[in-house]
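The values are calculated or read from the model by the stated rules, or taken from the named source; none is laboratory data. The shown structure was predicted, so the numbers you read here are calculated from the model rather than taken from an experiment. No Cβ is skipped: glycine too gets one built from the backbone with ideal geometry, and neighbour counts run over all protein chains shown.
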Amino acid sequence: MKCDYCGKTAQYGHNVSHSKRRTNKRSEPNCHPARVLVDGKAMKLSLCTRCLRTISKATAA
């Protein structure tokens, strides 16, 4: 999944056990569908929670 506002995508890494055995791990961004005003039009976008918070703060102020 990808954030339509900031472009944040999945990150990759390893789970490392006590015996130092590495297995692949993938961390997805916390994206949610949201209706947002863009140029006066309501659009449905997939936004990460950080962008949702930033946009709500900008519209409240």
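Would you mind stating whether K57 is modelled with pLDDT under 95 and of a type in the set (K, R)?
yes
So which residues in region 36-55 are in a strand (DSSP E or B) and over 20 Å from A10 (Cα atoms), if there are any at all?
V36, L37, V38, K41, A42, M43, K44
Please enumerate the residues belonging to region 1-35 that are in contact (Cβ under 8 Å) with a residue 24 or more places away in the chain and either in a strand (DSSP E or B) or in contact with a strand residue (DSSP E or B) (Cβ under 6 Å, 6 or more places away or on another chain) (or both).
The answer is M1, C3, D4, Y5, K8, P29, C31.
What are the pairs with Cβ atoms under 7 angstrom where one residue, in region 42-56, is under 15 Å from K2 (Cβ atoms) and the other, located anywhere, is assigned to a strand (DSSP E or B) and among the basic types (K, R)? Sequence gap at least six, or different chains.
Once the first residue is under 15 Å from K2 (Cβ atoms) and sits in region 42-56, its partners that are assigned to a strand (DSSP E or B) and among the basic types (K, R) give K44/R35.
Out of the residues in region 18-46 meeting the condition of being polar (S, T, N, Q) and surrounded by fewer than 10 Cβ atoms within 10 Å (Cβ to Cβ), tell me which one is farthest from the chain's Cα centre (by Cα).
In this case the residue turns out to be S19.
Quick one: which residue in A58, A10 is in contact with an Asp or Glu (Cβ under 6 Å, 6 or more places away or on another chain) and surrounded by fewer than 14 Cβ atoms within 10 Å (Cβ to Cβ)?
Checking each option against the conditions leaves just A10.
Right, N15: in contact with a Phe, Trp or Tyr (Cβ under 8 Å, 6 or more places away or on another chain) and loosely packed, with under 10 Cβ neighbours inside 10 Å or not?
Answer is no for this residue.
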